[in-house]
Amino acid sequence: MNNQNDPLSNLWQSQPVQSIDVKELKALWKKNRRKQWLWALSDVIGLLAGVIMCGYFLQTEDNLFRQIWLGVFLVLIIVVTPWSLRLRLASLRSNVPTNEYLGRLIQQKINNICIARMCIWMGIFIALFFSLWSIAYYFYYQPVPYEYLIKVLKGTGLIAVMSLLMGWWARYEINKNSKLLKRYQSLKEEA
């Protein structure tokens, strides 16, 4: 059968082809770089503020369990921030050729998903650590149960709200970046 008379072949060839617009890709790349640099700046500011606050409270606090709590936060921010920065800046080198923009955008979306998942796991870790810390604090200091219960409920409420907000934000980011990742990967496959 002649391909020119084949209706299926004609239909297939008449399908619109999504082409890559270089100007749009360059604009996306610049916007993504700007966002990632701002996020990296916020990570560094958060690290500095966290280290200063934890350092100050560690020096002024005389309660062993509060010092342990602050020490764990200090270690957490010192370990997590460089990892987060490495993921943010991994695909943001300057002087990138135009043909690498799409690959770099794909890599950054993968990195953004990793960062969002890390936020979820940090929320879980903090909630579990607070639970263990609260139990150990109670058995070590044996505070007045009613006063201690109020303090634990306040702390638990704050951690629950913060963890839920962080989890909601992370889920939103994972969904958004997953959709963009699929879109960019389909563009790369077509190219």
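For the reader, a short list of remarks on this structure follows.
- Criterion: surrounded by 13 or more Cβ atoms within 10 Å (Cβ to Cβ), of a type in the set (Val, Ile, Thr) and either touching a Pro at 6+ places or on another chain (Cβ under 9 Å) or part of a helix (DSSP H, G or I) (or both) - qualifying residue of ILE77, ILE45, ILE52: ILE77
- Test result for GLN142, crowded, with 17+ Cβ neighbours inside 10 Å and not basic (Lys, Arg): no
- Filter result (open to solvent by less than 90 Å² (accessible area, probe 1.4 Å) and either at pLDDT 90 or above or among the β-branched types (Val, Ile, Thr) (or both)) within region 5-34: ILE20, VAL22
- Scan of region 98-124 for residues that are within 16 Å of LEU164 (Cα to Cα) and either touching a residue at least 12 places away in the same chain (Cβ under 8 Å) or touching a strand residue (DSSP E or B) at 6+ places or on another chain (Cβ under 9 Å) (or both), ordered by number: ALA116, ARG117, MET118, CYS119, ILE120, MET122, GLY123, ILE124
- Test result for ILE150, β-branched (Val, Ile, Thr) and either modelled with pLDDT under 90 or open to solvent by 40 Å² or more (accessible area, probe 1.4 Å) (or both): yes
- Candidates are the residues of region 90-137 that are more than 24 Å from the chain's Cα centre (by Cα) and open to solvent by 80 Å² or more (accessible area, probe 1.4 Å); the one that is farthest from LEU181 (Cα to Cα) is ILE135.
The values are calculated or read from the model by the stated rules, or taken from the named source; none is laboratory data. Since this is a predicted model, take the numbers as computed values, not measurements. FYI the Cβ positions are ideal-geometry reconstructions off the backbone, even for glycines, and counts take in every protein chain you see. To get the accessible areas, we keep the full protein, side chains included, count just its heavy atoms, and leave off ligands, DNA and RNA. Shrake-Rupley method; radii C 1.70, N 1.55, O 1.52, S 1.80 Å.
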